[in-house]
Amino acid sequence: MSIAFLQQLIWAEYRAAVVLTIVLPLVVLIWATVRREGAISRLLNLYWKVASLLAVTVLLLAGTEPMAFAVAVAAHLLILGSLWFWEDINYELADLPPWRALPLVTRIWRWSLTVFTAVGAVASVASLNCLNGWQASDVCALWQQPPGGFSQFLGRGLNFLFGAPWTTEGARVAGWFCLVIYAGFFLQWLLVRWPRFGRVAGGF
């Protein structure tokens, strides 16, 4: 497989990720909030909490941090779990009329993201050799290109608004800072809430 073709695939994966992990869940969340669909709103709120690890991955990749590839694997697996883990939400969603527009769109998005995330997890596992550094293979640098472009765009915006420079090192530091905060909240849920409530989301 040529480097040029891999580059096209990686860019296509990032574009699809924007639609499936940002645009559609945001639309569904707003729609569910307006329609006061409690189960769908709770599912999407929990999804956003978990999926924020993808933003951390992007920051680490923009900062050329090799650990980003391990974080990417964790992000894909946690998103898969967040979509199907909660027993009470699963029961409530199953009881919604399947012909109604909002439950139908939610089901389509849920299954589409499940397939996309599973494929992404396999690709992330395949890229774990990049933990040895960006020189491990030519593919490692390709994964950094879209986040690097986003980081440059963010840097121009920050420089315009605040006159503050945004560097690769800044992206790395911000990524590690966010990862530590994320890990703290995840451990709190894993060690405190899960043993107490199990797979019941409730008002979480």
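If the chain linking VAL19 and ALA4 were pulled fully straight, counting 0.36 nm for each residue of separation and taking away their Cα-Cα distance, it would gain 3.1 nm.
In whole Å, what three semi-axes, largest first, describe the equivalent ellipsoid of the chain built from its Cα gyration tensor (square root of 5 times each eigenvalue)? List each step's numbers first, then the result.
Working: eigenvalues 197, 74, 65 Å².
Output for the chain: semi-axes of 31, 19, 18 Å.
Kindly provide the trypsin sites (Lys or Arg not before Pro) of segment 30-85 that DSSP labels as loop, not H, G, I, E or B, and whose Cβ sees at most 14 other Cβ atoms within 10 Å. Intermediate values should be presented prior to the final figure.
Details: sites: ARG35, ARG36, ARG42, LYS49; in loops: ARG36.
Those that pass, being in a loop and sparsely packed, are ARG36.
Which of these, VAL71, VAL56, VAL23, has the largest mean-square fluctuation under a Gaussian network model of the chain (Cα springs below 10 Å)? Comparing VAL71, VAL56, VAL23 in the GNM, the peak value goes to VAL23. Working note: 222 nm ellipticity from helices only, DSSP H runs with n ≥ 4, each -39,500 (n - 2.57), summed and divided by the residues of the chain, gives -25500 deg cm²/dmol to the nearest 500. For the chain, with a Gaussian network of springs between Cα atoms less than 10 Å apart, report the residue from LEU191, LEU96, LEU26 with the top mean-square fluctuation. Of LEU191, LEU96, LEU26, the Gaussian network model singles out LEU191 as fluctuating most.
What FRET efficiency comes out for PHE186 versus LEU104 if R0 is 25 angstrom and r is the Cβ-Cβ distance? Round to the nearest 0.05. Calculated transfer efficiency: 0.20. In the Gaussian network model of the chain, springs joining C-alpha atoms below 10 Å, which of TYR91, TYR14, TYR182 carries the largest mean-square fluctuation? Its mean-square fluctuation being the largest, the pick is TYR91. Neighbour counts of other Cβ atoms within 10 Å put ARG172, ARG110 in the fewest-to-most order ARG110, ARG172. Under the membrane-span-like helix rule (DSSP H runs whose alpha carbons stretch at least 24 Å along the helix axis, mean Kyte-Doolittle hydropathy -1.0 or higher), the chain yields 38-62, 68-84, 101-126, 138-162, 168-188. Would you mind ranking SER112, SER82 by Cβ crowding within 10 Å, fewest neighbours first? Listing SER112, SER82 from fewest to most nearby Cβ atoms yields SER112, SER82. From least to most packed, judged by other beta carbons within 10 angstrom and beginning with the fewest, PHE185, PHE85 follow the order PHE185, PHE85.
Remark on the chain: CYS178 stand apart, with no other cysteine beta carbon under 4.7 Å.
The numbers here are math on the coordinates, done by the rules we state, and not lab data. Keep in mind it's a predicted model, so treat the numbers as computed, not measured. Cβ atoms come from the backbone with ideal geometry, glycine included; neighbour counts cover every protein chain shown.
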